[in-house]
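*Asks:* This is the structure I have questions about; it appears just below.
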Amino acid sequence: MNNTATFDIDTLGKPKFKSPLQLSTVRGDSIFNFISENDRLVFDLSFEHYQKCIANQEAPLCLEKAGPRQNIFFEPPKTTAAIVTCGGLCPGINNVIRGVVMALHYFYGIKRTLGVPYGYEGLNPEFGHELIELNPDKVRDIHQFGGTFLGSSRGGQSVSTMVDTLVKNEVNILFAIGGDGTLKGVDAIGEEIKKRDANISVVGIPKTIDNDIDLIDKSFGFETAFDVASPILRDAHNEATGAYNGISIVKLMGRDSGFIAASASLAMPVVNFVLVPEMDFALEGENGFLEALRKRLQSKKHAVIVVAEGAGQHLLQQTDVVKDASGNVKHADIGVFLKEKIEEYFTDIPVTIKYIDPSYIVRSAPANSSDSVYCGRLAYHAVHGAMAGKTRFVVSKVNNRYVYIPISEVTKKRKKIDLESEFWFSVLQSSGQPFSLK
C-alpha cells in the first residue's frame, strides 16, 4: 500500500444540505471545528516510512479524519437510521447503541431510529422479529448493563433479503456493531446497495473482545475485558498459593489472538505462564511446558497459568474441523486438556489443580469508565460520517486519532501478538516464563 487511494472512503454522492450543528467559525479560508474533506492523517508515523516517501517522491499512506462535516448528504427530517448488533457479547455494546441514538437525535434531529433485534436475523422476515423504535428515553440507561439491548445472533442471512428489508422500512443508514464476520456482512450489504443504486449508507463499528481487528489501535470492550479478568487472576493466585504445589489454570477468551490473556497478566502480575494462540509450544521434552512447570513448582511451590482459548490447538489432534454459525473454527477446550495432561505428568509429586473459565462473565460485563468514553466517541464519529454520505467504512482510533477506514481494509487479516515485540517481552518479564517452551 503506497498511495492515498488505498484508504479512500466510498460516498453516496455530493453532500448538499447544511449541517444543523452550530460549530463553524469562518475566518478567511479557515473553518474551525468542522472537518474538511481534505483532512488526512498519516498512517505510518515511522521516520523510516517518511524517508522512503521523500526518496521515492511518494505521498504517504493517509487515513480520512473522522468528525462532523459542514455539509451533509442526508436531510435530517427525512432520514431513518437502523442499528444492528451481531456476534458474541462484548462490554460496551449498549454504550455504542446509546451513543448512536443520542447523536442522531440531539446532533441531527433524526426522528426515526430503528433497532434490529437479534443480529442479521432481524433483517430476515422469516424469523418474525419486529424492528424496535428507539429514542433517547428508551436507551438512556442501557449503558449500565452488559450484553446487548437489541439481542444478537451469529451467522449471515441472504444479503438480498436484508437489503429488501432496509428498503421496505425506508432505512437510509445502517450501523452494524460487530467483529470480523459482522463487518464483512455489512460490507456485502453495501455492495448490494451499490448494485441497486440505492442511497443507503452502511457503517461498521468494530466490536471484538479479542482486540484482533487489523490496523486499529484497539476495539471497544477489550480494555474492560482484561480489567474484569484481572481480579479473577488475583483470586486464582490465592487458590494456587493456598495449597502445596497448587496450580491454577485460568482460560480467557482469545480464539486467534491472545491480547486479553497477555494484557490481563500484565495488569495483575501474579501469572507465571501465559499461553496464547500466536505461540507454538511443546508439552513434553526438556524445554517443554510441563518440565518448565515442574521447575516452577520445585522453586515456588505454586503456579498460575493463563491460557487463551485458541492456544495449543496443535496439541489436541482434532480430526474434524467444526465451525460455528459465523464461520469461526470451534476450538477444543485447551483448559481441560492442560489440566488432564498436568495430572498425568505429575504422578511422582502431589499437585492440586484448580481450573477456572470465567469467559462468559468477562464478556457480559458492563463497560468500564475508559471503554464507556471510547464507545460514546466511536458512536458520535460514526454518525457524523454516515450523515455526510460516507459508506462501507469503520470508525476507530489509529495512532490515537479518530479516523474512517474502508471495511475491506480491516477485514483482510486478523491482528495478532508479535512475539518479538516489546509488548510480548513485557509479558515474559512479568511472568518469568521462558522465552521458548519447546
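Bear in mind that the values in this text are calculations on the coordinates, not laboratory data. For clarity, every value in this text was computed on a predicted model and none was experimentally measured. Using ideal geometry, Cβ is built from the backbone for each residue, glycine included, and neighbour counts are taken over all protein chains shown.
*Asks:* Rounded to the nearest 5, what % of the DSSP beta bridges within the range 1-153 are antiparallel ones?
*Replies:* 65 percent
*Asks:* May I ask for the Rg/Rh ratio of the range 160-218, computed from Cα atoms with Rh as the Kirkwood radius, given to two decimals?
*Replies:* 1.03
*Asks:* At a Förster distance of 25 Å, what's the computed FRET efficiency of Asn33 paired with Tyr106, Cβ-Cβ distance as r, to 0.05?
*Replies:* Approximately 0.90, to the nearest 0.05.
*Asks:* Considering only DSSP beta bridges with both partners in the range 97-245, what is the antiparallel share in %, to the nearest 5?
*Replies:* Bridges in the range 97-245 that DSSP calls antiparallel: roughly 30 percent.
*Asks:* Percent antiparallel among DSSP beta bridges with both residues in the chain, to the nearest 5?
*Replies:* 40 percent
*Asks:* Moving on to the next point. Sort 83-93, 217-227, 158-168 by packing, meaning the average of other beta carbons within 10 Å per residue, with the highest value first.
*Replies:* In descending order of packing, they fall as 83-93, 217-227, 158-168.
*Asks:* Arrange the following residues from fewest to most other Cβ atoms within 10 Å of their Cβ: Ser152, Ser36, Ser265, Ser372.
*Replies:* In increasing order of surrounding Cβ atoms, one gets Ser36, Ser372, Ser152, Ser265.
*Asks:* Could you tell me which of Ala382, Val362, Ile334 has its Cα farthest along the dipole of the range 326-385 towards the positive end, charges placed at Cβ (Lys, Arg +1; Asp, Glu -1), taken about the Cα centre?
*Replies:* Checking the options against the dipole of the range 326-385, the answer is Ala382.
*Asks:* Further, regarding this structure: For the range 130-288, what is one quarter of the convex hull surface built on the Cα atoms, given in nm²?
*Replies:* Result: 13.8 nm².
*Asks:* Points 7 angstrom from Cα along the Cβ direction at Glu48 and Phe337: gap in nanometres?
*Replies:* The modelled label-to-label distance comes out at 3.5 nm.
*Asks:* What residue among Ile407, Ile361, Ile249 has the largest mean-square fluctuation in a Gaussian network model of the chain, using Cα springs under 10 Å?
*Replies:* Of Ile407, Ile361, Ile249, the most mobile in the Gaussian network model is Ile361.
*Asks:* Another question, if that's okay. So, in the range 177-268, how many Lys pairs have Cα atoms under 27 Å apart, if the pair is 8 or more places apart or on different chains?
*Replies:* Summing the qualifying lysine pairs gives 8.
*Asks:* Read phi for every residue in the range 136-151 and hand back ³J(HN,Hα) as whole Hz from Karplus 6.51 cos²θ - 1.76 cosθ + 1.60, θ = phi - 60°, with x for Gly and Pro.
*Replies:* Each residue of the range 136-151 in turn: x, 5, 6, 9, 4, 10, 5, 5, 6, 10, x, x, 10, 4, 8, x Hz.
*Asks:* Here's something else I'd like to know. Step through the residues of the range 107-121 one at a time and calculate ³J(HN,Hα) from phi using the Karplus curve (6.51 cos²θ - 1.76 cosθ + 1.60, θ = phi - 60°), rounding each to whole Hz and writing x for Gly and Pro.
*Replies:* Listing the rounded values in order: 7, 10, x, 5, 8, 10, 10, 10, x, 8, x, 6, x, 5, 4 Hz.
*Asks:* A further question on this structure: Read phi for every residue in the range 46-51 and hand back ³J(HN,Hα) as whole Hz from Karplus 6.51 cos²θ - 1.76 cosθ + 1.60, θ = phi - 60°, with x for Gly and Pro.
*Replies:* Couplings: 5, 5, 4, 5, 4, 5 Hz.
*Asks:* Same structure, new question: Name the most mobile residue of Phe149, Phe74, Phe43, meaning the one with the largest mean-square fluctuation, in a Gaussian network model of the chain with Cα contacts below 10 Å.
*Replies:* Between Phe149, Phe74, Phe43, it is Phe43 that shows the largest mean-square fluctuation.
*Asks:* List Tyr106, Tyr120 from most exposed to least, where exposure is judged by having the fewest other Cβ atoms within 10 Å.
*Replies:* Lowest count first: Tyr106, Tyr120.
*Asks:* Which order results if Leu131, Leu378, Leu437 are arranged by neighbouring Cβ count within 10 Å, fewest first?
*Replies:* Lowest to highest Cβ neighbour count: Leu131, Leu437, Leu378.
*Asks:* Give the relative contact order (percent, whole number) for the chain; include only Cα pairs under 8 Å separated by 6+ residues.
*Replies:* 22 percent
*Asks:* Lysine pairs in the range 329-438 with Cα distance under 25 Å, only those 8 or more apart or on different chains: how many are there?
*Replies:* Eligible lysine pairs with Cα atoms under 25 Å apart amount to 20.
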